[in-house]
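Okay, structure first, notes after.
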Amino acid sequence: MTLDILMAALVSGIVNGGLYALLGIAIVLIFSTTGVANFAQGELATFGAFAMFMIVLPVGLSLVVAWMSTVVLLGILGAVVYFIVIRPRPEADHLNLAVRTLGLSGLLHSIDVLKWGPNEPYRFPSLFGSGSLSFGTVVLSHDQLGTLAVAVAMAVLFFAFFNHTRPGLAMRAVAMNREVAALQGVDVQRTNVMVWVVATAISATVGLLVAPISFLDTGLMQPYLLKAFTAAIIGGMYSFPGVVAGGLILGIAEALATAAASIHVREPLAFAVLLLVLLLRPAGLFASSRLQRRV
Amino acid sequence: MTALLEVSEITVRFGGVRALTGVNMQVAEGSVHGLIGPNGAGKTTLLNCIGRVIEPTEGRLVFARDDLRARPTHDLARLGVARTFQNLALMDDRTVLDNVLVGLRRAGGFTLHDFLPTRRRFALEAEDRATALAALAQVDLQQFAHQKIGKLPYGYRKSIEIARALCTRPRLLMLDEPTAGLNPTEMDQLGIAVRRMRETLGLTVLLITHHIEFLLEVADRVTVLDLGCVIADGAPDLVHTDARVRAAYLGADE
Amino acid sequence: MGDVPFGSQEAGHTSPRSRVLLTVLVLVLVAPLFATGYMRYVATLWMIYAIAAVGLQIPIGLAAIYSFGHSAFMLVGAYAMALAIMLGGWPVPIAMLAALVLAALVGALLALPSLRLSGFALAIVTMGASSLFFQSVKVFKLTGGPQGLFLPEFAFVKAMDGRAFYAICAGLMMLGLMVSHCVESGRIGRVLRASAANPLMAQSFGVHLMRVRTLAFVISAVYGSIAGSLLGLSTSYIAPEAYAPDLSIQVFAAVMIGGMARAWGPVLGALFIVLIPELTQSVQNLGAIVYALIFIAVSTVYPGGLQQMISGLRARLGKRVP
């Protein structure tokens, strides 16, 4: 493997890893606050991409405005999902809640297929234009740069929101201990809604970033779901820095293995990483012994 | 008298907390041995060590000359050690009979008869049911065999756990707070049942209890724990006579 | 209300209620022999899904193991059988048996991490396994790549306008139901339930957790493999898409919608899964939407599935009788 190939693999790995991480952030947000393993996270992202393609774009807005509108729209959808699917029968156990999100995932997928045909590819407009930049021997396409930039910006925005605003504080309180947060006066219900709004908005962003790179079709985000969960698991399911690290580790490992061996190694590798982490460090790679929470 | 169970220098440390320190205890075969002490003394912890649910930090456990610490949890039933649980480990949505049947073990693994409706299967199932009903009869609860656990009073549920333990045909029966939540009549009946079990089934019984009167009625010997250490060991009436025991219980409510 | 399980606990004696149920079941199963070829095809599909679902009910309903890897077993059942037939020239039953053994091995492998993983983690791993198998068969030329494998057309599949094949599937389903009932009502069921309810207690009573969990997976793998083999035979074509991870969710839905408590629940659930696309045929893919909506509704509001709804009805009707 020459240095060129190595660098190209690293770049591709970081971009993919960033996307896994971003989707994983949405997963961790929902999991740590509402306790739901949201298996519909990927389909929500796909739905977002289709929504922009079919609903928002034809209206004639500029690309950037269309982007933002879609993200907002999906945020609202997140709230709707929370009220219809998650809130009823709150005494159900977590596995049941996860099963409901499986149903939601199926529903979104079948709606997509109904409207836009199974596996029919559509060209999705890129926000960043074609073309590329060279840094020495390393070539980065505008798409890769733009994707990374937006992903980083989104993550930074989210962390700022989460760590330095009142609603973010409420989310952190609920994530730490729901009962105590309620006693402290936090409106847990409202926080849950906000969590779902933010997480779905983030997922939509991921979908909008992925769609231009490959073609947009109904299977767009399917490969990403398990990988995002793997990233979240590497981070221990409750840690945001952890899921970011997890995503990057997974993305880079995948890219390096693909470059070193072949593309066929990708899926087995992702599965192997998942299995290894769960077996060897089930509380995540970065868990301190103090916060030993089993997944 | 041969010691069926020998506990030697058992120490259990959880992080910084010492749950048990250097505990020694000998349970003679065929005896009813009481294990008492104030709350938090480590009685259940000791039981959990013997029951191979917790790993002690130090010490030896010998049952019928078998090194228990070399055994995994699921070997105990086969060796002849059975127990009940302080917080009741029953399946509330199943019937009494279903719960008691859990205690039944058969030599060898699963066979064809577990998958197909053969005549032998029906014979085995009938045998199992008979054993379970007999165990329930030991605690006078056979009439409730087909009732769901969730509907029964607490005292009955404790006794159902005993019946389940009896199904393993144990040599040593360990009872964790079998008298908690029982009224005086029920306690008397339990005392009679325990003594009867010892006589007819040749059982050795190790029981944890807070009720001193029950202990005096039933036990041949008692070990007293306080804060993880043995403070007294001997005839049951030492609970009255031993100054250390009285001091440990001062202020305790029982 | 004392629930008498399907088939009473008294040796060799079935309660009147289960005799009625059995008669109804037999009638329902015989009916497709007299229907149109197309209806028979749907009924055959129903039997196949029922076999898969009855098998999945064992880890899920008894051992509370959420296994989303069922499609992997069905995939192995189909592909391994096909390869044995096409490459080894083996007769169909032997090929199916070989596939079954392989699937059982996969099941045993999946059970290995089950002691160290929480329910959620194990669910994710089984999902990963489904995905892994699916992606892998699409990659290798041996398994036909993305196109899949074409099986020779067998006489017994088409014989008597599909009646013979339907009878085979229905017969296997009944056998599977009987075995499942024996497992559920006997020692294995007890041991699985205890291990799910309280692993420490179960171990204290001699239950070897690893062994019983492996057993649960292996049993479900056997059922899944048979269903997968039959599915492949029914169309003479093994398409990877037919064994995608989605299939795991579908079979899970059948178990959940039908209700997990009784042996016949998954059979009812499988009927549901198969009928919905048929009934909503007018609008393409509307069936998938309806099915997804029902899935959400059942998991959200009626977790006990159709069984819960039915016993709820019976309870309300029964209240009038003292």
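Each reported figure results from applying straightforward, stated rules to the coordinates on display, with no laboratory input. Computed from a prediction, not measured in an experiment: that's the story for all the values here. Quick reminder, even Gly has a Cβ in these numbers, built from the backbone with ideal geometry, and neighbours come from all protein chains shown.
Counting other beta carbons within 10 Å of each residue's own, what order do B:Cys49, B:Cys167, B:Cys229 fall into, fewest first?
B:Cys229, B:Cys167, B:Cys49
Looking only at other chains, what is the average number of their beta-carbon atoms within 10 angstrom of each beta-carbon in C:179-192?
Partner Cβ neighbours, averaged per residue: 5.
Return the single residue from C:Ala108, C:Ala123, C:Ala31 with maximal mean-square fluctuation; model: Gaussian network over chain C, springs between Cα atoms under 10 Å.
Taking springs between Cα atoms under 10 Å, the residue moving most is C:Ala31.
Viscosity 0.692 mPa s, temperature 37 °C: what is the translational diffusion coefficient of region C:34-243 from Stokes-Einstein with a Kirkwood Rh over Cα pairs, rounded to a whole number of µm²/s?
In µm²/s, the coefficient is 187.
Take every Cα pair under 8 Å in chain B that's 6+ residues apart, average their separations, divide by the length, and report that relative contact order as a whole percent.
Numbers: 458 pairs, mean separation 69.9, N = 254.
Across chain B, relative contact order equals 28 percent.
With N set to the number of residues, divide the alpha-carbon radius of gyration of region C:131-196 by 2.2 N^0.38 Å and report two decimals.
1.76
When the distances between all Cα atoms of region B:96-143 are binned every 5 Å from zero, what whole-number percent does each bin get?
Taking all Cα pairs of region B:96-143, the binned fractions are 5, 20, 26, 24, 13, 8, 4 percent.
Around C:Leu192, with a cut-off of 13 angstrom between Cβ atoms, what is the net charge of the other residues, counting Lys and Arg +1 and Asp and Glu -1?
In short, +3.
Kirkwood Rh, the protein assembly as shown, all Cα pairs: how many Å?
30.2
Let me confirm one metric for peptide C:114-121, namely the mean number of other chain beta-carbon atoms within 10 Å of its residues' beta-carbons.
5
Rounded to the nearest 20 debye, what is the charge dipole size of the protein assembly as shown about its Cα centre when +1 sits on each Lys and Arg Cβ and -1 on each Asp and Glu Cβ?
Here the size comes out at about 800 debye.
If the cut-off is 26 Å between C-alpha atoms, which lysines fall inside it for B:Lys151, apart from same-chain ones fewer than 8 positions away?
Those lysines meeting the cut-off are C:Lys319.
Under 14 Å from the Cβ of C:Leu110, count the other residues' Cβ atoms, weight Lys and Arg +1, Asp and Glu -1, and hand me the total.
For residues surrounding C:Leu110, the net value is +2.
In terms of Cα to Cα distance under 29 Å, which lysines are near enough to C:Lys138, apart from those fewer than 8 places away along the same chain?
A:Lys115, A:Lys227, C:Lys158
How high is the relative contact order of chain C, in percent, counting Cα pairs under 8 Å that sit 6 or more residues apart?
About 29 percent, as a whole number.
Over region B:128-195, what is the relative contact order in percent, taking alpha-carbon pairs closer than 8 angstrom and at least six residues apart?
34
Can you give the helix-only mean residue ellipticity at 222 nm for chain C, where every DSSP H stretch with n ≥ 4 adds -39500 (n - 2.57) and the sum goes over all residues, rounded to the nearest 500 deg cm²/dmol?
About -23500 deg cm²/dmol.
Do me a favour and compute the ellipsoid semi-axes for chain B from its Cα gyration tensor, root of five times each eigenvalue, largest one first, whole Å. List each step's numbers first, then the result.
Details: eigenvalues 205, 92, 51 Å².
Here the semi-axes work out to 32, 21, 16 Å.
Helix-only estimate, please: 222 nm mean residue ellipticity of chain A, summing -39500 (n - 2.57) across DSSP H runs of length 4 or more and dividing by its residues, to the nearest 500.
Only helices count here, giving -23000 deg cm²/dmol.
If I stretch the segment between B:Tyr154 and B:Asp220 completely, what's the gain in nm (0.36 nm per residue apart, minus their alpha carbon distance), one decimal?
21.1 nm
Per residue of C:299-310, what is the mean number of Cβ atoms on other protein chains within 10 angstrom of that residue's Cβ?
For this peptide, the per-residue mean of nearby foreign Cβ atoms is 3.
Suppose R0 equals 45 Å; then what is the FRET efficiency for B:Gln147 and C:Met210 from their Cβ-Cβ distance, rounded to the nearest 0.05?
With R0 = 45 Å, the Cβ-Cβ based efficiency is 0.85.
Counting helices only, and only those DSSP H runs with n ≥ 4, report the 222 nm mean residue ellipticity of chain B as the sum of -39,500 (n - 2.57) divided by its residues, in deg cm²/dmol to the nearest 500.
Values: 9 runs with 87 residues, N = 254.
It comes out at -10000 deg cm²/dmol, rounded to the nearest 500.
At q = 0.09, 0.14, 0.16, 0.22 Å⁻¹, what is the log10 ratio I(q)/I(0) for region C:177-307, with the Debye formula run over Cα points and no solvent?
Once normalised to I(0) and log-transformed, intensities are -0.34, -0.78, -0.97, -1.37.
Could you grab the Rg to Rh ratio for chain A? Cα atoms only, Kirkwood for Rh.
0.96
Could you size up the charge dipole of region C:34-243 around its Cα centre, putting +1 on the beta carbon of Lys and Arg and -1 on that of Asp and Glu, and report it in debye to the nearest 20?
Magnitude of the dipole: close to 380 debye.
Expressed in nm to one decimal, what extension gain is obtained for the pair B:Arg69 and B:Thr57 from 0.36 nm per residue of sequence separation less their Cα-Cα distance?
3.2 nm
Under 13 Å between alpha carbons, and skipping anything fewer than 8 positions from B:Lys158 in its own chain: which aspartates and glutamates qualify?
B:Lys158 reaches B:Asp92, B:Asp140, B:Asp176, B:Glu177, B:Glu186.
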